Amino acid sequence: MFPSVPNYHALAVLLLTVVALYLFRREDIRLESSCLGVLILITVGFELVPFVSEQGERIESIDFFFGFGHEALIAVCGLMIAGQGLVRTGALEPVGRMLGKLWRLSPTFSLLITLLVSGILSAFMNNTPIVVLMLPILISVAVRTNTSHSGLLMPMGFATLVGGMSTTVGTSTNLLVVAVAAEQGMQRLGLFDFAVPALVAGSVAIAYLWLVAPKMLPERSSMLDDETPRIFTAHLTIDEDGFSVGKTLAEVIQHSDGQLKVDRIQRVGTASDIRIMPMPDVILHAGDKVRVSDTAENLKDYEKILGAKLFVGKHQVDDEHPLVADDQQLVEVIVAPGSPLAGSTLKNIRFVDQYSLVAVALHREGKEIDLFKKLGSVSLHVGDILLVQGSREKIAEMKKKGDFLILDATTDLPHTSKAPTALAIMLGIVGVAAAGILPIAVSAIVGVLLLLMTRCLDWVDAGRALSTQVILIVVASLALGEALLKTGGADYLAEVFLYSTSSLHPAFIISALMLLLAILTNIVSNNAAAVIGTPIAISVANHLGMAPEPFVIAVLFGANFSYATPMAYKTNLLVMNAGGYHFSDFMRIGIPLVLIMWITLSFFIPFYYDII
């Protein structure tokens, strides 16, 4: 018999869940805005239309903000900051150097080792810094061996996702599932409680990523076109009868439609030249040398507009003396999570002033955008790639700061004397939690304090490590899950699911539940899928009169199958842009991987938990 219709509050929450899942996948609406909107709708709705359970318990709207203090969110934030400590101190540098040397000996064997190392590291820390570490190494390998990077980057990215699902601290998804299940009365899962099925399925997945996936991936070209505009530094010498004579610098810039960017002004004196700061009220004289940086086309335009002659050194620019950019390098800089550019603009962080570098183009999901004329106007997203030009010295300085992931075919990694300390603290965070001495949320926060006290990190680094997207999606997902649970919506969904699978053996019900979550996680946020799926799994187990662990673990694994689309997980976007992959490439490699993991675990989970 089909389940009866639930109460109006449950129906409203179910409808809001559908709307939320739709909003979470919209690329034209910021995820943070969608999460905040969902959270407000839940709290305001329950305040205006109160809900009283059959037991007479009233749900208070303020209770839905509990996610901001939830242990899972605290653990996620603590581990994100600890991971940033490893990146900032270069604690993973020895791993990178070892892999770089190994590739020279045997590329095929080295790919296997790279996949295994990536997966093992991801089991104990956030996979984003691991992907950030591996991307420049693998691109360097591809350049040195004259091979395509296409068969390397995506398998590596997927290996980190496979490894991350094997422990409770491997991903934020795992932490959420474990915490939500414990709140509903299930015995808390330990660090390695589901490691065995994860290792079995992971072994099959790594074999596929090593032997099959690289052959299925088409060769993709570099992220940016070779004809991307270059920036040249030259000086304009003001003619006696030119427009600029007697004008203020502000008037001259306005005459160029605001495009002229002056580095400095040099005035020829009787004894020696005088350098003048390029202030808006400076009045230009005939013979002044105005140093500017721009594209060749724009520099020639300024020459005509301002009544000046364009020089490089002592030579006027002409056919015999064309523009040159001595000691200049072009590098591709990826906007990674935790970067000062993520969610900001070049103008806001004063990129040119801080780094003495110029961004000349932006690559975003297959699009190439000329940035120079609107340098500070584009809000940058995680996964964007900037083409940056500057001197070798300034680019080397930017690498040492460790604020950006530079894809320039080098293996230079940030390294400080604090690296062993940061690594020891991370091992301590995981070890203390694994031994059951402290909960992971507490050990992670203690680890953050130790990183700050030992100066492996400062508060600026800690702030950059935190992601508002992650925080708000966790809070909104927890609120939705709580509303589904308290109103009976989760029980209703469980009854519908059981009605649809009523003739199936429990082993097949577990398999169907895992497949449902696998589909959902590739369309919407994996955290949202996990938090919504966990109470449903427990309700299904209760209706069947069975232990909830295998059902909850099926949800956990299914929510981690984020392979089929680039938006399924944030590191997929990093890999997509760095490798120049198309959406179809993720489907070509990811869908078979989802099926491999699903089939393997569909057989193993019932066997492991003695359900057959």
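Points worth noting:
- Share of alpha-carbon pairs per 5 Å distance bin for the range 155-223, given as whole %: 3, 16, 20, 18, 13, 10, 9, 5, 3, 2, 0
- The packing ranking of peptides 249-256, 546-553, 125-132, highest mean first, is 125-132, 546-553, 249-256, where packing means the average number of other beta carbon atoms within 10 angstrom of each residue.
- Cross-linked pairs 247/304; 309/394; 289/309: Cα-Cα separations exceed 19 Å for 309/394.
- When 293, 172 are sorted by how many other C-beta atoms sit within 10 angstrom of their C-beta, beginning with the fewest, the order is 293, 172.
- Positive-end residue, the chain charge dipole about Cα centroid, Cβ charges, pick of 471, 108, 181: 108
- Cα shape, the range 52-141, gyration tensor, a/c 1.5 rule: prolate
- Each Lys and Arg adds +1 at its Cβ and each Asp and Glu adds -1 at its Cβ; summed about the Cα centre, the chain shows a dipole of about 1080 debye.
- Calculated mean residue ellipticity, 222 nm, the chain: -17500 deg cm²/dmol, from DSSP H runs (n ≥ 4) at -39500 (n - 2.57) each, averaged per residue and rounded to 500.
- Part-to-part distance (alpha-carbon centres) for the range 18-89 and the range 576-597, which is given in Å: 29 Å
- With q set to 0.17, 0.20, 0.21 Å⁻¹, the log10 of I(q)/I(0) for the range 522-612, from the Debye formula over equal scatterers at the Cα positions, is -0.78, -0.95, -1.00.
- Neighbour counting of Cβ atoms within 10 Å sorts the residues 391, 503, fewest neighbours leading, into 503, 391.
- Relative contact order for the range 469-600: 25 percent, from Cα pairs under 8 Å spaced at least 6 residues apart, divided by residue count.
- In this structure the amide hydrogen of residue 264, modeled in the peptide plane, comes within under 5 Å of the amide hydrogens of 291, none closer than 5 places in sequence on its chain.
- Contour excess over end-to-end distance, with Cα ends at residue 257 and residue 29 and 0.36 nm allotted per residue: 78.9 nm
- Taking a sphere under 12 Å around the Cβ of residue 59 and counting the other residues whose Cβ falls inside, with K and R at +1 and D and E at -1, yields a net charge of -3.
- Normalised by the number of residues in the chain, the average gap of Cα pairs under 8 Å and 6 or more apart makes the relative contact order 21 percent.
- Note on residue 279 and residue 113: their simple-model spin labels are 6.1 nm apart, each label 7 Å out from Cα toward Cβ.
Bear in mind these aren't lab numbers, they're just calculated from the coordinates by the rules spelled out. Note that the structure is predicted; figures quoted are calculated from it, not measured. Positions of Cβ are backbone-derived with ideal geometry, glycine not excepted, and every protein chain shown enters the neighbour counts.
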